[in-house]
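Asker: This is the structure I have questions about; it appears just below.
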Amino acid sequence: MSLTHRNAAELGALMAAGEVSAVEVAQAHLDRVAEVDSRVHAFLHVAAESALEQARAVDARRAAGEKLGPLAGVPIAHKDVFTTRDMPTTAGSKILEGYRPPYDATVTTRLREAGLVILGKTNLDEFAMGSSTENSAYGPTRNPWDLDRVPGGSSGGSSAAVASYQAPLSTGTDTGGSIRQPAAVTGIVGMKPTYGGSSRYGLIAFASSLDTPGPFARTVLDAALLHEAFSGHDVMDTTSIHAEVPPVVEAARQADVAGLRVGVVREFGGEGYQPGVTARFQEAVELLESLGAKVTEVSCPSFTYALPAYYLIAPSECSSNLARFDGMRYGLRVADDGTRSAEEVMALTRAAGFGAEVKRRIMLGTYALSSGYYDAYYGSAQKVRTLIARDFEAAFHQVDVLISPTTPTTAFPIGERADDPMAMYLADLCTIPANLAGNAAISVPCGRADEDGLPVGLQIMAPVLGDDRCYRVGAAVEKAFEDRWGGPLLKEAPSL
Ligand code: GLN
């Protein structure tokens with residue numbers, strides 16, 4: 001099997017055993033990028049030279065007898081919303097074109113400390129706003145399963161990179177579903193850790209009370225290894241949780257659900273869901289029962305209001321966070337010809353630098369926060385948020401995890417929802433509650449829909465700091481599918 005088609009854990013073991021060098025592994029992945037990325041467009045920036053340099057450093061440390069971690073020398077694709085001092089950081093926006101941050105995000109630092117080899121930066125919806133990666137100022141990314149379809153978003157470059165074997169691992173951020181939804185529609189694993197479990201320092205902010213870095217991988221164990229590598233308390237992030245990282249790797253290895261109580265969220269599924277998604281979800285439920293889990297239906301009535309509440313809270317926070325892009329401090333500045341006031345330059349820069357969706361969100365958020373409307377919109381949305389957290393609490397008195405389809409449909413065609421914001425927002429219907437309450441949630445592959453042959457995701461939600469449960473159940477599902485099919489569930493490499 002070629003090096004690009006190996007998992008991160010396997011690559012780590014091969015390198016530790018001296019069977020292959022980190023340079024060979026990096027080169028194989030860079031060759032794969034050169035071979036397929038002109039069609040996929042997962043990367044905004046490929047850092048070939050620095051990747052080989054990092055790989056050489058890992059090989060040298062190993063040759064010197066240093067004991068390295070399980071992911072040392074493993075290549076990774078990094079979402080272009082994390083700052084990197086040696087590579088451009090655009091957040092998918094024209095307004096940050098050419099910006100080179102003077103510092104690394106904590107997630108970036110921890111990737112480097114774990115010896116991961118950063119291949120480059122991946123495409124995303126501008127400032128992580130979107131569900132398709134079509135809102136990138138640098139053109140859309142394509143789904144490796146069907147190049148005319150979206151890879152999900154906002155972390156669509158990261159999901160496509162892993163699904164097309166350009167990298168075994170990638171990073172993402174999940175504010176309303178931007179890891180789980182792209183993972184589901186590209187047939188890979190994507191995890192949103194508990195809010196505060198992974199650091200936001202150096203993550204270009206969209207909605208600070210929701211933004212959560214997390215891993216993408218092709219196996220549950222690989223995702224857990226990456227999760228462990230970059231998570232944990234960070235003094236640079238005031239909302240970082242002061243607690244041990246839950247035992248995610250151990251849980252992924254445990255992969256056992258006997259006696260576990262699993263709740264199917266009544267509010268998600270049925271009408272409005274693609275039949276192939278519903279069918280695969282039902283199979284996953286039966287599979288869990290056959291493994292000894294106790295499956296019941298659980299009602300979370302406030303989840304119905306999660307989407308509207310999110311589209312008040314996230315734009316409100318973004319309207320404040322994006323005020324810093326004023327043409328004075330970072331990236332783009334237009335019309336500064338010496339005749340215009342600073343205010344005019346700022347207005348013209350923002351008009352030229354932000355795309356349509358970002359402007360829509362800034363306007364929505366500014367309106368929702370304005371005096372006279374604050375209580376009616378932002379205030380009400382915050383109350384809904386509390387009700388959703390209470391629904392989760394009540395549910396977790398009855399069950400250990402909650403499950404649902406990750407998305408109502410499989411990957412949609414590029415362009416289909418581009419002019420219909422509501423249709424686009426509906427892609428995150430099932431993922432948003434976990435963001436509003438701060439819970440842990442994962443998406444794992446659960447087969448392909450009959451009508452279009454495209455991947456379907458199963459979402460597993462756990463309590464705050466119960467991240468290990470997501471991995472335990474996810475790994476059990478993965479293993480059961482492998483046993484049933486005699487190999488990985490989605491074993492066919494997408495034809496590229
Ligand atoms: N698709 C959602 C949005 O557009 C979620 C984005 C995200 O999680 N970053 O806001």
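Asker: On the basis of being modelled with pLDDT of 95 or more and within 29 Å of residue 359 (Cβ to Cβ), does residue 92 make the cut?
Answerer: Values: modelled with pLDDT of 95 or more: yes; within 29 Å of residue 359 (Cβ to Cβ): yes.
So residue 92 fits the description; yes.
Asker: Another question, then. Taking the stretch 310-333, which residues are at pLDDT 95 or above and touching a Lys or Arg at 6+ places or on another chain (Cβ under 6 Å)?
Answerer: Correct list: 315, 318.
Asker: Next question, about the same structure. For the stretch 374-411, give me each residue that is farther than 18 Å from residue 176 by Cα and not in a helix (DSSP H, G or I). First the steps, then the outcome.
Answerer: Filtering the stretch 374-411 for residues farther than 18 Å from residue 176 by Cα gives 374-377, 379-380, 390, 393-401.
Listed by number, the residues that qualify are 374, 399, 400, 401.
Asker: Got at least one residue in the stretch 109-116 being of a type in the set (S, T, N, Q) and either part of a loop (DSSP other than H, G, I, E, B) or crowded, with 24+ Cβ neighbours inside 10 Å (or both)?
Answerer: First pass over the stretch 109-116, keeping only residues of a type in the set (S, T, N, Q): 109.
Subset that is either part of a loop (DSSP other than H, G, I, E, B) or crowded, with 24+ Cβ neighbours inside 10 Å (or both): none.
No.
Asker: Let me ask something additional. Residues of the stretch 418-437 being farther than 16 Å from residue 401 by Cβ and either in contact with a strand residue (DSSP E or B) (Cβ under 6 Å, 6 or more places away or on another chain) or assigned to a loop (DSSP other than H, G, I, E, B) (or both), which ones?
Answerer: Correct list: 418, 419, 420, 429.
Residue-wise test of (1) within 16 Å of the ligand (Cβ to nearest atom); (2) more than 16 Å from residue 187 (Cα to Cα).
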position	(1), (2)
434	yes, yes
438	yes, yes
456	no, no
467	no, yes
477	no, no
483	no, yes
487	no, no
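Asker: Let me ask something else about it. Could you say which residue among 338, 327, 292 is part of a loop (DSSP other than H, G, I, E, B), at positive phi and surrounded by 15 or more Cβ atoms within 10 Å (Cβ to Cβ)? Reasoning before the result, please.
Answerer: Numbers: 338 fails: surrounded by 15 or more Cβ atoms within 10 Å (Cβ to Cβ); 292 fails: surrounded by 15 or more Cβ atoms within 10 Å (Cβ to Cβ).
Going through 338, 327, 292 in turn, the sole match is 327.
Asker: Just a yes or no: is a residue in the stretch 135-151 crowded, with 24+ Cβ neighbours inside 10 Å and under 21 Å from residue 319 (Cα atoms)?
Answerer: Checked the stretch 135-151: at least one residue is crowded, with 24+ Cβ neighbours inside 10 Å and under 21 Å from residue 319 (Cα atoms).
Asker: From 340, 360, which residue is within 27 Å of the chain's Cα centre (by Cα) and over 30 Å from residue 449 (Cβ atoms)?
Answerer: Details: 340 fails: within 27 Å of the chain's Cα centre (by Cα).
Matching residue, one of 340, 360: 360.
Asker: OK, next. Going by the conditions given, is residue 451 touching a residue at least 60 places away in the same chain (Cβ under 8 Å), of a type in the set (D, E, K, R) and in contact with a strand residue (DSSP E or B) (Cβ under 9 Å, 6 or more places away or on another chain)?
Answerer: On the way: touching a residue at least 60 places away in the same chain (Cβ under 8 Å): yes; of a type in the set (D, E, K, R): yes; in contact with a strand residue (DSSP E or B) (Cβ under 9 Å, 6 or more places away or on another chain): no.
The answer is no for residue 451.
Asker: Same structure, new question: Working only within the stretch 235-266, note down all residues that are crowded, with 19+ Cβ neighbours inside 10 Å, on the phi < 0 side of the Ramachandran plot and not β-branched (Val, Ile, Thr).
Answerer: Passing the criteria: 240, 246, 251, 252, 260, 263.
Asker: Another one. Is it true that some residue in the stretch 395-417 is surrounded by 19 or more Cβ atoms within 10 Å (Cβ to Cβ), small (Gly, Ala, Ser) and more than 16 Å from the ligand (Cβ to nearest atom)?
Answerer: Yes - at least one qualifying residue is present in the stretch 395-417.
The values are calculated or read from the model by the stated rules, or taken from the named source; none is laboratory data. Only a predicted model underlies this, so the values are computations on that prediction, with no experimental measurement involved. Please note: Cβ atoms are built from the backbone with ideal geometry, for glycine as well, and neighbour counts cover all protein chains shown.
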